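Participant: I have a structure I would like to understand better, so I am pasting it below and will then ask my questions one at a time.
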Amino acid sequence: MAKFKAIIIGGGPVGMYLAHALQATGIDYVLCERRDAIPPPTAFGIFLWPHGLRLLHQIGLIDQTEAISSLLTSITHVGPTGDVVREYSDFSFLQLGHGYPVRMFDRASLAQMLYDNLREPGAHIKTNRQLVDIKRRAGGVTAHFADGTREDGSIVIGADGVWSTVRDFMRRDSPEGLFDANPYLSGYRAVFGRSPLPPPTPRQGSTTSSANSLPPLQPEKQFEYHRDGAKLQFFTSKREVHYIIYLKKKEQQSEQERKAGGFDLTIDDADAAVAPWLDTPIAANLTFGDLWRTRAAAGGASLDEGSVRQWHWGRMVLVGDAAHKVLPNQGMGANGGFESAASLVNQLTALLRHEANPNAAELRQAFAAYQAERQGVMVAFQRMARDELDGWTRAGGPSLDALRAADVLMSPMVARAVRLDAVPFPEERVGFSPWVYKVPAEAARAAGGGPKL
């Protein structure tokens, strides 16, 4: 009988981490990406919180991760009047609490690092593979691609994002009504971009103007500017500035409505959307227009959010944005996707330990346990991100007391993050808020199944 093999559809950050997690636990896989290369041509960065960095550390990539990323240490919030309304160092506090900081990456650099550190990537990573069908066969599945090639495997894992093709085939094969035709809603649009980090300019003249009262633009910081119904958020690495403007829609739109109406922003739309912000002071003697005119890349999109009701069907299962989508303002999308990938691999590892070629019913139980562990957590993160963005864009300015109250929820949720059960991790970093998650053997000892000291 053929060896158990996972077919991953999608070569984004979550798909690439999933490949590493499968490799680390000894599960065979092939990853198929529709684009012609793994590093994506993207306009915006990606952020990993302590629990995301912890997962990369566990698979031996912490040094490589730190070499290609920048720290984020503090946030400055500027209100509609141009005055600084809040400054805090929550990111530094997170490192003290959990042992890891928050880091910002260029997506292409992160993808290349993940690719380069796989064993025999050429044998496992296939590009220019546009999925066109998934067919069941005895004891497994076959994925068919537009170029006429196919891959046989035991399961298909859809890591193919918001517009998941794997999810479409799950809906096709399942009873009518089990899968929503429109699993996500969109209440915000966004313009993304990145520009070279300009040299710091000292404050000049009187400090009574809002432009001169702002601090210089410095590396490894986060800045946010708030207006009624909109927010400008940007982050500085050692070389670049990454920014995003959130624009609240008059009403939420479903996935199908956006497909029919073409609601994603073109570059021309992005120019029009940023026009009201061009004269906004963002640092001492620097406006947003100064950055926009030197942009190296830019784009726009509607921002989806939500959770798919059912994450699996038959031998197909979803991870990352294909299963759960959060707004990007808190930077939890990739972190949640990594954690979900680890949870799925944990369930597969436990199953394969007892059954080398599990049947569909056994896989269904493993997939259901994975969804049960992760869905509620991701729904909570989704709501937290939406509440925060609504709070910062509310008419009349942000409600600081409400936002401070919501902040206290983040650290306990980070502390409960999943890690890989089958990969030893003696180097795990800890802070004053210890990691709560325990692998099954540790949990058994904690419950009285092991020796007591």
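The values are calculated or read from the model by the stated rules, or taken from the named source; none is laboratory data. Quantities reported herein were computed from a predicted structural model and do not represent experimental measurements. Note that we place each Cβ from the backbone using ideal geometry, even for glycine, and neighbour counts take in every protein chain shown. Ligands, DNA and RNA are stripped out before the accessible areas are found, and what is left, the full protein with its side chains, is counted by its heavy atoms. Shrake-Rupley method; radii C 1.70, N 1.55, O 1.52, S 1.80 Å.
Participant: Would you check which residues across region 165-175 are open to solvent by 20 Å² or more (accessible area, probe 1.4 Å) and more than 21 Å from residue 30 (Cα to Cα) and list them?
Facilitator: The first filter runs over region 165-175 and keeps only residues open to solvent by 20 Å² or more (accessible area, probe 1.4 Å), leaving 165, 168-169, 171-173, 175.
The answer is 171, 172, 173, 175.
Participant: So which residues in region 176-198 are open to solvent by less than 10 Å² (accessible area, probe 1.4 Å) and either modelled with pLDDT under 90 or not in a loop (DSSP other than H, G, I, E, B) (or both)?
Facilitator: Answer for region 176-198, where residues must be open to solvent by less than 10 Å² (accessible area, probe 1.4 Å) and either modelled with pLDDT under 90 or not in a loop (DSSP other than H, G, I, E, B) (or both): 186, 187, 188, 190, 191, 193, 195.
Participant: Are there any pairs with C-beta distances below 7 angstrom linking a residue in region 420-431 that is part of a loop (DSSP other than H, G, I, E, B) to a residue that is among the hydroxyl-bearing types (Ser, Thr, Tyr), with the two at least 6 apart or on different chains, and if so which?
Facilitator: Note: pairs meeting the criteria are 420/25; 421/349; 422/25; 422/349; 423/25; 429/100.
Participant: Residues in region 332-340: is at least one on the phi > 0 side of the Ramachandran plot, modelled with pLDDT of 95 or more and either open to solvent by 40 Å² or more (accessible area, probe 1.4 Å) or not hydrophobic (A, V, I, L, M, F, W, C) (or both)?
Facilitator: Looking only at region 332-340, we keep the residues that are on the phi > 0 side of the Ramachandran plot, and these are none.
No - not one qualifying residue is present in region 332-340.
Participant: Would you please list the contacts, defined by Cβ atoms under 8 Å and residues six or more apart or on different chains, that run from a residue in region 186-206 that is closer than 16 Å to residue 304 by Cβ and of a type in the set (Ser, Thr, Tyr) to a residue that is part of a loop (DSSP other than H, G, I, E, B) and at pLDDT below 80?
Facilitator: Going by the 8 Å Cβ cut-off, the qualifying pairs are 186/263.
Participant: Here are some conditions: (1) surrounded by 23 or more Cβ atoms within 10 Å (Cβ to Cβ); (2) of a type in the set (Val, Ile, Thr); (3) modelled with pLDDT under 90. Residue 207 meets all but one. Which one does it not meet?
Facilitator: (1)
Participant: Same structure, new question: Scanning region 302-319 for residues that are among the polar types (S, T, N, Q) and part of a strand (DSSP E or B), which turns out surrounded by the fewest Cβ atoms within 10 Å (Cβ to Cβ)? Even if it seems obvious, please write down each step before you answer.
Facilitator: Applying the first criterion (among the polar types (S, T, N, Q)) to region 302-319 yields 302, 307, 310.
Retained after the next criterion (residues that are part of a strand (DSSP E or B)): 302, 307.
Working: 302: 22, 307: 19.
So, considering only residues that are among the polar types (S, T, N, Q) and part of a strand (DSSP E or B), the one surrounded by the fewest Cβ atoms within 10 Å (Cβ to Cβ) is 307.
Participant: Follow-up. Would you mention how many residues in region 415-438 are under 23 Å from residue 381 (Cα atoms) and either of a type in the set (Lys, Arg) or open to solvent by less than 30 Å² (accessible area, probe 1.4 Å) (or both)?
Facilitator: Of the residues in region 415-438, 10 are under 23 Å from residue 381 (Cα atoms) and either of a type in the set (Lys, Arg) or open to solvent by less than 30 Å² (accessible area, probe 1.4 Å) (or both).
Participant: Taking interchain pairs and intrachain pairs at least six residues apart, which have beta carbon atoms under 6 angstrom, with the first residue in region 221-235 and within 15 Å of residue 191 (Cα to Cα) and in contact (Cβ under 8 Å) with a residue 40 or more places away in the chain and the second open to solvent by 10 Å² or more (accessible area, probe 1.4 Å) and among the charged types (D, E, K, R)?
Facilitator: Sorted first by the residue in region 221-235, then by its partner, the pairs are 229/248.
Participant: Turning to a different aspect of this structure: Can you pull out the residues in region 13-43 that are at pLDDT 95 or above and among the acidic types (Asp, Glu)?
Facilitator: 28, 33
Participant: Six or more apart or on different chains, Cβ atoms under 9 Å: show the pairs whose first residue is in region 294-318 and hydroxyl-bearing (Ser, Thr, Tyr) and whose second is assigned to a strand (DSSP E or B) and surrounded by fewer than 18 Cβ atoms within 10 Å (Cβ to Cβ).
Facilitator: Note: pairs meeting the criteria are 294/196; 302/249.
Participant: Here's another thing I want to ask about it. Filter region 146-164 for residues that are over 28 Å from residue 343 (Cβ atoms) and either out of contact with any Leu (no Cβ under 9 Å at 6 or more places or on another chain) or surrounded by 15 or more Cβ atoms within 10 Å (Cβ to Cβ) (or both) and give the result.
Facilitator: Once the filter is applied, which keeps residues that are over 28 Å from residue 343 (Cβ atoms) and either out of contact with any Leu (no Cβ under 9 Å at 6 or more places or on another chain) or surrounded by 15 or more Cβ atoms within 10 Å (Cβ to Cβ) (or both), region 146-164 yields 147, 148, 149, 150.
Participant: Can you pull out the residues in region 390-414 that are open to solvent by 80 Å² or more (accessible area, probe 1.4 Å) and without any contact (Cβ under 8 Å) to a residue 12 or more places away in the chain?
Facilitator: Matches in region 390-414: 401, 404, 408.
Participant: Report yes if residue 57 is outside any loop (DSSP other than H, G, I, E, B), modelled with pLDDT under 95, surrounded by fewer than 22 Cβ atoms within 10 Å (Cβ to Cβ) and not aromatic (Phe, Trp, Tyr), otherwise no.
Facilitator: So residue 57 fails the test.
The rows are residues; the columns are (1) free of Cβ contacts under 8 Å to residues at least 40 places away in the same chain; (2) assigned to a strand (DSSP E or B); (3) within 23 Å of residue 437 (Cβ to Cβ); (4) aromatic (Phe, Trp, Tyr).
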site: 2; (1), (2), (3), (4): no, no, no, no
site: 8; (1), (2), (3), (4): no, yes, no, no
site: 17; (1), (2), (3), (4): no, no, yes, yes
site: 20; (1), (2), (3), (4): no, no, yes, no
site: 30; (1), (2), (3), (4): no, yes, no, no
site: 35; (1), (2), (3), (4): no, no, no, no
site: 39; (1), (2), (3), (4): no, no, no, no
site: 47; (1), (2), (3), (4): no, yes, yes, yes
site: 52; (1), (2), (3), (4): no, no, yes, no
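Participant: Next question. Enumerate the pairs (first residue in region 140-160 and under 20 Å from residue 357 (Cα atoms); second residue anywhere and aromatic (Phe, Trp, Tyr)) with beta-carbon separation below 7 Å, excluding pairs fewer than 6 apart on the same chain, so at least 6 apart or on different chains.
Facilitator: Pairs found: 154/4.
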